[in-house]
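Novice: Before I ask anything, here is the structure I am working with.
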Amino acid sequence: MRIVFFDGIEELHVQTGLRDALVRRGHEVLWTGLLWQGYDQPSDPADVERLDRVVDEVLEWRPHALLAFRAASLTPRNLERLRAAGVALFAWFNDDPVLFGVSTGALAPHYDVTLHTGGEEVLDLYETRCGVKGVTFPFYADPAAFPFTYRARTAGRAERAAAVFLGNTHTRQKQWRYALLDQSGADVVIYGKVRGNPQAFPLHAGYLSDDAQVAATLPRFAVGVSIPQRFADYRGTPYDFPGLAELGWFSLPSRVVQMAAVGLPVVDVRPDGPGPQGAPTVEVHGPAELKGVVADLAADPGRRAELSLAGYEWFRGGYTSDSRAALLEELATDPKTVVSMSRDERLTAFARYPGSTTVPLRRRLTLRWG
């Protein structure tokens, strides 16, 4: 099968890892590379013409299927051109449901199958308001890009803090993350963007500009901290729409998958509501609790080894690029069968394609004693 990846997101490993997994399964993959920024459809004639030319090149390659990683870069007109050529059309809405009101809600009906990083509430949103029966396609990572290197006995010893938070705190919607970590007094540093002069933020440790830096940095710490997006924070912004706040939190941030892939134990901060379903995280609900949990885990390498192994097995069991490639292969072979699936089946279809769930004995021992 010939599959095109159209555009991409800044986490390049999601494109390259899925591409490599599909190639291992015998498919040909053409990735256009990064093409567009932002979440609005192109309106400038020069931008429209440039993207039209990319679609021309795609059509010359005569693909069987196309997967859009940034929905805004493909206009309805170009989607119809692709459909007329017999190309099965897929889109991965990796920022669901924040972009529903600005782009993905209007574009979803133009695809054969939409793929979603959100849970049942997001599938319900598209089905109820757009008549689109999407499929859950959670964030994933390629084991080659994020190899398991965590060592429970020694992790954190050479770092300035026990815990690491990977994420941005520079926007109005995300500044509360920095405030929460600072208020907690937890032994933690932050890698990501901050608002203004970085020297004004004592917890800030820098910005990791590529996947390789992320994969190398995370397992050096004893513990990882995750704070997901809170949809109520988008109230009054261009992204807001009726019902967004009620959808709660982003169910499974990519950082949780990446931390599990490298073996880093995860503390998930949820002031309201439960953490990511099924993920083996330690859940906390406030800054004071966070400080104590980080301190306890930093002092307990045995417990961290157990959490590391559980997280790694969870990752290998359904959150690898190989798992997503198998699901995409099935969908591309016969996309029409998706509309006959129940919502529960579409919600859990990805779990039918685990990677290897068996962790070699040497790796099990290294988790505890490395």
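The values are calculated or read from the model by the stated rules, or taken from the named source; none is laboratory data. In this text the structure is predicted, and so the values were computed from the model without any measurement. Neighbour counts are summed over all protein chains in view; Cβ atoms, including those assigned to glycine, are modelled from backbone coordinates with ideal geometry. Ligands, DNA and RNA are stripped out before the accessible areas are found, and what is left, the full protein with its side chains, is counted by its heavy atoms. Shrake-Rupley method; radii C 1.70, N 1.55, O 1.52, S 1.80 Å.
Novice: Mind checking which pairs have a first residue in segment 335-349 that is free of Cβ contacts under 8 Å to residues at least 12 places away in the same chain and of a type in the set (S, T, N, Q) and a second that is in a helix (DSSP H, G or I) and surrounded by 14 or more Cβ atoms within 10 Å (Cβ to Cβ), Cβ under 8 Å, 6 or more apart or different chains?
Specialist: Listed pairs, sorted by first residue: none to list.
Novice: For segment 207-233, how many residues are open to solvent by 20 Å² or more (accessible area, probe 1.4 Å) and under 21 Å from the mean Cα position of the chain (by Cα)?
Specialist: Of the residues in segment 207-233, 12 are open to solvent by 20 Å² or more (accessible area, probe 1.4 Å) and under 21 Å from the mean Cα position of the chain (by Cα).
Novice: Of everything in segment 1-10 that's charged (D, E, K, R) and surrounded by fewer than 20 Cβ atoms within 10 Å (Cβ to Cβ), which residue is modelled with the highest pLDDT?
Specialist: Among residues in segment 1-10 that are charged (D, E, K, R) and surrounded by fewer than 20 Cβ atoms within 10 Å (Cβ to Cβ), the one modelled with the highest pLDDT is Arg2.
Novice: Give, as residue ranges, the strands (runs of 3 or more DSSP E) completely inside segment 141-220 that count at least 3 residues that are at pLDDT 95 or above and of a type outside the set (Lys, Arg).
Specialist: Those strands (runs of 3 or more DSSP E) span 163-166, 188-191.
Novice: Let me ask something else about it. Within the bounds of segment 74-84, is there any residue that is surrounded by fewer than 20 Cβ atoms within 10 Å (Cβ to Cβ), of a type outside the set (Ser, Thr, Tyr) and within 19 Å of the chain's Cα centre (by Cα)?
Specialist: No, segment 74-84 contains no residue that is surrounded by fewer than 20 Cβ atoms within 10 Å (Cβ to Cβ), of a type outside the set (Ser, Thr, Tyr) and within 19 Å of the chain's Cα centre (by Cα).
Novice: If you go through segment 94-102 one residue at a time, do you hit one that is at pLDDT below 95, closer than 30 Å to Arg62 by Cβ and open to solvent by less than 20 Å² (accessible area, probe 1.4 Å)?
Specialist: Checked against the condition, which is being at pLDDT below 95, closer than 30 Å to Arg62 by Cβ and open to solvent by less than 20 Å² (accessible area, probe 1.4 Å), segment 94-102 yields at least one hit.
Novice: Moving on. If only one of Ala288, Ala295, Ala325 is touching a residue at least 40 places away in the same chain (Cβ under 8 Å), among the small types (Gly, Ala, Ser), open to solvent by less than 10 Å² (accessible area, probe 1.4 Å) and out of contact with any strand residue (DSSP E or B) (no Cβ under 9 Å at 6 or more places or on another chain), which one is it?
Specialist: Selected residue: Ala325, the only one of Ala288, Ala295, Ala325 that is touching a residue at least 40 places away in the same chain (Cβ under 8 Å), among the small types (Gly, Ala, Ser), open to solvent by less than 10 Å² (accessible area, probe 1.4 Å) and out of contact with any strand residue (DSSP E or B) (no Cβ under 9 Å at 6 or more places or on another chain).
Novice: Given the residues Asp142, Asp112, Asp182, Asp187, which is the only one that is of a type in the set (D, E, K, R), open to solvent by 20 Å² or more (accessible area, probe 1.4 Å) and closer than 25 Å to Phe69 by Cβ?
Specialist: It is Asp112.
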